[in-house]
Amino acid sequence: MKRLLVVLGVAGVSLSAVFVRWSTAPSMILALYRMCFAAALLAPYTLLRRREELGALKRREALLCLAGGAFLGLHFAAYFESLRWTSIASSVVLVDTEVLFVALGSVLFLGKRLPGKAWLAVALAFGGSVVIALADTAAGPDAVRGDLIALAGALCMAVYTMIGAVCRRRISTAVYTYLVYLSAALTVLVIALLGGMPLTGYGPVNLGTALGMAVFCTLLGHSVFSWGLKYLPPAFISTVKLLEPVFASVWGLALFGERPGAAVLLGGAVIICGIALYGRAEEN
């Protein structure tokens, strides 16, 4: 059941492509609005119902949560910036290398021992995302720059996931995600200000799409991942995230009539096989 909820969380995160398609504001502004809405929606419950837990946090725990949020904000900044230089498919597949960083980090820093089948499952799932990306290979002199930025975004996301695995051992989902989203919003705000971007004047449609991303992609997506980190291995969470391009293709077909190609179908099947293999490896 816990694994199913995480899969549903991936379905929520995959809706971000739909909301971005409907929006007109720069991606960095959408990320800022999204994080601000998410933090604001969590604030009443966290500050009123979890006030004692929030006040009892140790300094190290609070700093870890804020650091995780900063890395989440940096991930958004790097991912959106990479889209300026390389194709969506190439950017997504490089961001998906998070699963490899997390698997390695789980072994090196969390003392987790992954069986051979688990490593094979991670490689298989990642290979499926590579198949999808090869259907739309980036071209041009700036592609390498975009690929490197996307790779940096994957590393930031992996650090965020690893920090979350440590924080969620004792901190509730509400308190952890509130601090993370608040920190991420501040991080993206600083990046937007440094880039000279206007913060207002983008119209109600972008406020609506950002609110949709905050609810479906953040609260019902990333928050589910944060919840799952208390019960499931970080490498499993990262591996399941590789289903995102598959779900995005389904939304594209249902809402925009975009038919997925053979590479998407093949890659999706390989990803699902990898996730199923990982689940069996964990059970054994």
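The values are calculated or read from the model by the stated rules, or taken from the named source; none is laboratory data. Being a predicted model, the structure only gives us computed values, none of them experimental. All Cβ positions, glycine included, derive from the backbone under ideal geometry; neighbour counts span all protein chains shown. The protein model used for the area step is the full one, side chains on, heavy atoms only, and it has no ligands, DNA or RNA in it. Shrake-Rupley method; radii C 1.70, N 1.55, O 1.52, S 1.80 Å.
Taking the range 178-197, which residues are open to solvent by 40 Å² or more (accessible area, probe 1.4 Å) and touching a helix residue (DSSP H, G or I) at 6+ places or on another chain (Cβ under 8 Å)?
L182, L186, L189, I191, G195, M197
When you go through (1) among the hydroxyl-bearing types (S, T, Y); (2) modelled with pLDDT of 90 or more; (3) buried (at least 16 other Cβ atoms within 10 Å of the Cβ) one by one for S23, which number turns out not to apply?
S23 satisfies every listed condition except (2).
Scan the range 50-71 for residues that are touching a residue at least 24 places away in the same chain (Cβ under 8 Å) and surrounded by fewer than 11 Cβ atoms within 10 Å (Cβ to Cβ) and report the count.
0
Go through V10, V18 for me and flag whichever is within 18 Å of P234 (Cα to Cα) and either touching a residue at least 40 places away in the same chain (Cβ under 8 Å) or buried (at least 22 other Cβ atoms within 10 Å of the Cβ) (or both).
So the residue among V10, V18 that is within 18 Å of P234 (Cα to Cα) and either touching a residue at least 40 places away in the same chain (Cβ under 8 Å) or buried (at least 22 other Cβ atoms within 10 Å of the Cβ) (or both) is V10.
Residues checked against (1) outside any helix (DSSP H, G or I); (2) basic (K, R):
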residue	(1), (2)
L30	no, no
Y33	no, no
C36	no, no
L48	no, no
L54	no, no
R60	no, yes
L63	no, no
A78	no, no
R84	yes, yes
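Can you give me the number of residues within the range 95-124 that are charged (D, E, K, R) and crowded, with 23+ Cβ neighbours inside 10 Å?
2
Please determine whether any residue of the range 138-152 is out of contact with any His (no Cβ under 7 Å at 6 or more places or on another chain), hydrophobic (A, V, I, L, M, F, W, C), modelled with pLDDT of 85 or more and not in a loop (DSSP other than H, G, I, E, B).
Looking through the range 138-152, at least one residue is out of contact with any His (no Cβ under 7 Å at 6 or more places or on another chain), hydrophobic (A, V, I, L, M, F, W, C), modelled with pLDDT of 85 or more and not in a loop (DSSP other than H, G, I, E, B).
Being within 19 Å of T46 (Cα to Cα) and in contact (Cβ under 8 Å) with a residue 60 or more places away in the chain, is that true of even one residue in the range 189-208?
No; the residues of the range 189-208 include none that is within 19 Å of T46 (Cα to Cα) and in contact (Cβ under 8 Å) with a residue 60 or more places away in the chain.
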